[in-house]
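Note sheet for the following structure.
The values are calculated or read from the model by the stated rules, or taken from the named source; none is laboratory data. Keep in mind the model is a prediction, meaning the values are calculated, not measured. Using ideal geometry, Cβ is built from the backbone for each residue, glycine included, and neighbour counts are taken over all protein chains shown.
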Amino acid sequence: MDDRATSEGETMPRRRALLELTPEAAERFRDPRVVIGFVLIAAGAVALIAGYFGVSATLDPGKQLPFIISGGIGGVFLLGAGAAVLFSSELAALRTQNRELRELVIHLKEDIGGLRDGLLSDVALEHLPADELGGAENGADTTQGRRKRPAG
């Protein structure tokens with residue numbers, strides 16, 4: 001826990017926030033679509049509540065109709081628009097994460113291919129006879145010391 005210094009030199013324990021965000025959530029709130037989506041949802045909720053109180057204040061259907069149209073239908077529209085904007089933000093974040101994972105898989109595939117090629121060349125060199133290792137590269141006769149098989 002972090003401590004803050006007071007004017008007298010004493011330290012006070014740092015107060016915890018009521019709502020703490022994870023680094024991932026803080027990163028998501030940098031996307032303006034998330035903020036716009038939450039604002040639209042809040043505005044829709046306010047419109048629905050205002051429409052409810054407007055409708056409940058009177059029994060005359062002629063006076064209730066404007067509240068139903070503006071508060072009810074407008075509020076539902078704003079809620080839907082906010083949800084759509086939040087959903088598009090989530091899809092964009094998933095596309096970014098998918099792109100990063102694809103790049104990682106490509107790099108891992110290349111690294112594994114390089115390791116496999118290196119291991120195969122090491123194994124091939126271990127299984128070659130000693131006279132083939134030194135002589136073939138220098139142009140020397142590699143058949144010295146070998147017995148020829150009899151034909152037939």
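For first residues located in the range 8-30 and at pLDDT 80 or above, partners that are exposed (fewer than 10 other Cβ atoms within 10 Å of the Cβ) and lie 6+ apart or on another chain with Cβ distances below 6 Å do not occur. On inspection, LEU91 qualifies as under 30 Å from GLU24 (Cα atoms) and out of contact with any strand residue (DSSP E or B) (no Cβ under 7 Å at 6 or more places or on another chain). Considering the range 21-99, the qualifying helices (runs of 4 or more DSSP H), each wholly inside and each with 3 or more residues that are exposed (fewer than 11 other Cβ atoms within 10 Å of the Cβ) and under 15 Å from the mean Cα position of the chain (by Cα), run over 23-28. Just one of (1) at pLDDT 90 or above; (2) touching a helix residue (DSSP H, G or I) at 6+ places or on another chain (Cβ under 8 Å) fails for VAL105. It is (2). In the range 31-58, the residues that are farther than 30 Å from LEU94 by Cβ never reach a residue that is aliphatic (A, V, I, L, M) and outside any helix (DSSP H, G or I) with C-beta atoms less than 7 angstrom apart, at least six apart or across chains.
Inclusion of PHE77 among residues that are within 30 Å of GLU27 (Cα to Cα) and either at pLDDT below 80 or of a type in the set (Phe, Trp, Tyr) (or both) is warranted.
When the residues of the range 124-152 are filtered to those that are surrounded by 10 or more Cβ atoms within 10 Å (Cβ to Cβ) and part of a helix (DSSP H, G or I), the one that is modelled with the highest pLDDT is LEU125.
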